[in-house]
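Just below is one structure, and these are the notes that go with it.
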Amino acid sequence: MRSRVQEADQDMFEAQAAAGRLPRYVGAYMHEGEPHFSVVFASSMAGGVGFHGMSSQAYQDRFEQQTGQGRRTRVVSAFDGASTNHRFVGIWK
């Protein structure tokens, strides 16, 4: 469990993946004007994938790609971008 992960902290996500842990749950929130995640990682997520930093169109494209491959949406969250720059995070398994 990581409760304050900065959106830009790709190294942390890569370190967790290298240790065999993938996001199982993720919530997006703003803290002092900066985007953050609250993330639960688990090693029992075989076949799961997650993506973050997606625009609404990129999220729609990933949704169609992942569900087209037989994966189901597990979690979706987003940062409020003042109605012009929303960024989404999603997990599929």
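Run the accessible area of the chain with a 1.4 Å probe and give the carbon-and-sulfur part as a rounded percent. Don't jump to the answer; show the numbers that get you there.
Working: 2580 of 5590 Å².
Reported share for carbon and sulfur atoms: 46 percent.
Report the charge-dipole magnitude of the chain in Debye, nearest 20, computed about the Cα centre from +1 at each Lys and Arg Cβ and -1 at each Asp and Glu Cβ. Mind dumping the intermediate values first?
Numbers: 10 positive and 9 negative charges, 110 e Å.
The dipole of the chain has a size of about 520 debye.
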Of Q60, G70, Q10, which is farthest along the charge dipole of the chain in the positive direction, counting Lys and Arg as +1 and Asp and Glu as -1 at C-beta?
G70
Shape call, the chain: gyration tensor on alpha carbons, a/c limit 1.5
oblate
From DSSP H assignment alone, runs of 4+ in the chain each adding -39500 (n - 2.57), the sum over residues rounded to the nearest 500 puts [θ] at 222 nm at -7000 deg cm²/dmol
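At a 10 angstrom cut-off on C-beta neighbours, averaged per residue, how do the peptides 21-29, 64-72 rank from highest to lowest?
Working: 21-29: 18.4, 64-72: 11.7.
Highest to lowest by the protection proxy: 21-29, 64-72.
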What figure, in Å² to the nearest 10, do you get for the accessible area of S56 with a 1.4 Å probe and non-protein molecules left out?
80 Å²
Quick one: which residues, 5+ away or cross-chain, put their amide H under 5 Å from the amide H of V75? H built at 1.01 Å from N.
I91
For F51, F63, F41, give the ranking by accessible area with the largest first, probe 1.4 Å.
F63, F51, F41
Expected vector for region 50-61, Karplus 3J(HN,Hα) from phi with 6.51, -1.76, 1.60 and θ = phi - 60°, integer Hz, x for Gly and Pro, equals x, 9, 9, x, 8, 6, 4, 5, 5, 4, 4, 4
With a 1.4 Å probe and all protein chains left in place, how much accessible area per residue does the chain have, in Å²?
60 Å²
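The values are calculated or read from the model by the stated rules, or taken from the named source; none is laboratory data. Here the structure is a predicted model, which is why all the values come from computation and not from measurement. No Cβ is skipped: glycine too gets one built from the backbone with ideal geometry, and neighbour counts run over all protein chains shown. Ligands, DNA and RNA are excluded from the accessible area calculation, which covers all protein heavy atoms including side chains. Shrake-Rupley method; radii C 1.70, N 1.55, O 1.52, S 1.80 Å.
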